[in-house]
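First comes the structure, then the notes that go with it.
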Amino acid sequence: MQELNNVVERLNFIEQPLINDFFILSKEEITSYATDQAELVSGGALNSLQSLIRVKKIEHFLKIYESIVRPIAEDQHHFDGKNKYREFYTEITSKEIGSKYDYSECNDQVLNKLLEKQTELNEEIKKRQEFLKKLPNNFTLVDEETGEVSVIKPPVKSGRIGLNIQLI
């Protein structure tokens, strides 16, 4: 917790005007500001790698900070369907988040059999996908029962090369 406080103090010292500016901006204004910053990066006025690093670090800070602050706020504040908290271009209401159902105690044999079949099917699918990934070329397969001929092809791999950013 002390480490987080130190980070907050440094952020307040270094970026206080920026944080305060965002606090009073609407969603539309934040979107516009982000677009303007992106144009500065694409135009070469801002260093793209430094901008990406800045964003990644702020994102990391905000993720941690929200994970700490959200439970505290949720414990301290509850709003029924009629009550809302509105300030700084935000609206806060209470709602059920992340509903989960635990079926393990249902003792439903139909569900248990279906889940067992699902597990078996998932394993078979995974094995077949691994087999197909290892295919070097197309190959012809003849179904012994029907005599049907089909050409089995390796899967098409897609993706792109991007930048991996690790905070150290």
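Here, each number is a calculation from the coordinates, and none is a lab measurement. Everything numeric here is computed off the predicted structure, so don't read it as measured data. For neighbour counting, all protein chains shown are included, and Cβ atoms are generated from backbone atoms with ideal geometry for every residue, glycine included.
Could you grab me the full set of residues in the range 63-116 that are among the aromatic types (F, W, Y), surrounded by 10 or more Cβ atoms within 10 Å (Cβ to Cβ) and closer than 21 Å to F23 by Cα?
Y65, Y85, Y89
Out of all the residues in the range 28-54, which are part of a helix (DSSP H, G or I), over 29 Å from K95 (Cβ atoms) and of a type outside the set (S, T, N, Q)?
D36, A38, E39, L40, V41, L49, L52, I53, R54
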